[in-house]
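Input: a single structure, listed below in structure tokens.
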Amino acid sequence: WTKGKTFAVVFAFLLIIGIYGAWQYSQSSPSDSSQNQNTNRQKAPLFTLTDIDGNQIALENLTGKVVILNFFDTACTWCIPEIEELAKVREQYSSDEVVIISIDVLPQMDTVSVLKQFREQHNVSWPIAQDTANVFKEYVSFEKIVKPGTPTTIIIDKEGLTSPDDSFIGLTEASTLSSKVNLLLSR
């Protein structure tokens with residue numbers, strides 16, 4: 001081999017190693033858990049609703065807190081046990097950290113007086129609102145929920161982001177919800 005051929009082979013080899021190194025550096029590292037936790041997170045759709053006491057609830061005003069949206073209706077078989085699980089979650093966190101909002105998806109059937117009676121009967125200590133702005137429909141579409149139903153619970157992080165991993169359909173135990181909340185609070 002001549003010096004020129006040897007130099008060309010060594011140069012090509014070093015160039016390939018350099019390109020591979022640059023490519024590998026640009027890829028996300030599997031050990032970078034904070035980056036991996038945010039890969040499929042998106043800004044949650046904003047909404048403003050009025051609760052059954054006449055107070056406005058605007059999602060954009062809850063930045064800095066983990067928000068648990070619970071979509072329900074009073075005729076739903078699993079919604080009452082879900083309310084009981086949410087009450088267990090409510091006991092674990094201060095309202096400065098975590099906000100629970102129950103949103104009734106059948107405002108034509110579940111009037112304000114029906115919802116007030118439901119709140120009293122089941123000791124609901126967080127806001128209840130009627131879905132007068134199609135929030136449920138928007139979140140079902142946003143979260144790509146194939147078979148929507150009640151109860152559906154969606155958790156939004158302190159930055160107003162959510163992902164399909166933060167959606168729970170059907171009765172969900174307090175321990176499952178708390179695990180997700182703890183993860184989001186630790187960020």
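The values are calculated or read from the model by the stated rules, or taken from the named source; none is laboratory data. These numbers were taken from a predicted model, which means no experiment stands behind them. Methodologically, a virtual Cβ is constructed for each residue, glycine included, from the backbone with ideal geometry; neighbour enumeration extends over all protein chains shown. Accessible surface is based on the protein model in full, side chains and every heavy atom, while ligands, DNA and RNA are left aside. Shrake-Rupley method; radii C 1.70, N 1.55, O 1.52, S 1.80 Å.
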For this session: Would you point out the residue of the range 88-109, among those that are in contact with a helix residue (DSSP H, G or I) (Cβ under 8 Å, 6 or more places away or on another chain) and of a type in the set (A, V, I, L, M), that is farthest from THR63 (Cα to Cα)?
Result: VAL105
Seminar exercise, completed: Of those in the range 66-104 that are open to solvent by less than 40 Å² (accessible area, probe 1.4 Å) and acidic (Asp, Glu), the residue farthest from the chain's Cα centre (by Cα) is ASP73
Exercise. For the range 124-187, list the strands (runs of 3 or more DSSP E) that sit wholly inside it and hold at least 2 residues that are among the β-branched types (Val, Ile, Thr) and out of contact with any Lys or Arg (no Cβ under 7 Å at 6 or more places or on another chain); which are they?
Worked result: 152-156
Seminar exercise, completed: Counted residues in the range 138-158 being surrounded by 15 or more Cβ atoms within 10 Å (Cβ to Cβ), over 17 Å from LEU106 (Cβ atoms) and charged (D, E, K, R) come to 3
Exercise. Taking the range 110-123 as the region of interest, how many residues are without any contact (Cβ under 8 Å) to a residue 12 or more places away in the chain and either in contact with a helix residue (DSSP H, G or I) (Cβ under 6 Å, 6 or more places away or on another chain) or part of a loop (DSSP other than H, G, I, E, B) (or both)?
Worked result: 1
For this session: Please tell me if PHE168 is farther than 13 Å from ILE68 by Cα, of a type in the set (Phe, Trp, Tyr) and buried (at least 19 other Cβ atoms within 10 Å of the Cβ).
Result: no
Exercise. So is ALA174 open to solvent by less than 30 Å² (accessible area, probe 1.4 Å), farther than 18 Å from THR77 by Cβ and either within 17 Å of the chain's Cα centre (by Cα) or basic (Lys, Arg) (or both) or not?
Worked result: yes
For this session: Would you confirm whether any residue within the range 60-72 is over 21 Å from THR132 (Cβ atoms) and among the polar types (S, T, N, Q)?
Result: yes
Exercise. Just for the range 1-11: of the residues that are open to solvent by 90 Å² or more (accessible area, probe 1.4 Å) and part of a helix (DSSP H, G or I), which one is modelled with the lowest pLDDT?
Worked result: PHE7
Exercise. Quick check: anything in the range 124-134 open to solvent by less than 40 Å² (accessible area, probe 1.4 Å) and within 14 Å of the chain's Cα centre (by Cα)?
Worked result: no
Seminar exercise, completed: Checked LEU184, LEU161 against criteria (over 24 Å from GLU84 (Cα atoms), touching a strand residue (DSSP E or B) at 6+ places or on another chain (Cβ under 7 Å) and either in contact (Cβ under 8 Å) with a residue 24 or more places away in the chain or open to solvent by less than 10 Å² (accessible area, probe 1.4 Å) (or both)); the one match is LEU161
Seminar exercise, completed: Selection over the range 50-65 where residues are open to solvent by 50 Å² or more (accessible area, probe 1.4 Å), in contact with a Leu (Cβ under 9 Å, 6 or more places away or on another chain) and within 25 Å of GLU120 (Cβ to Cβ) yields a count of 1
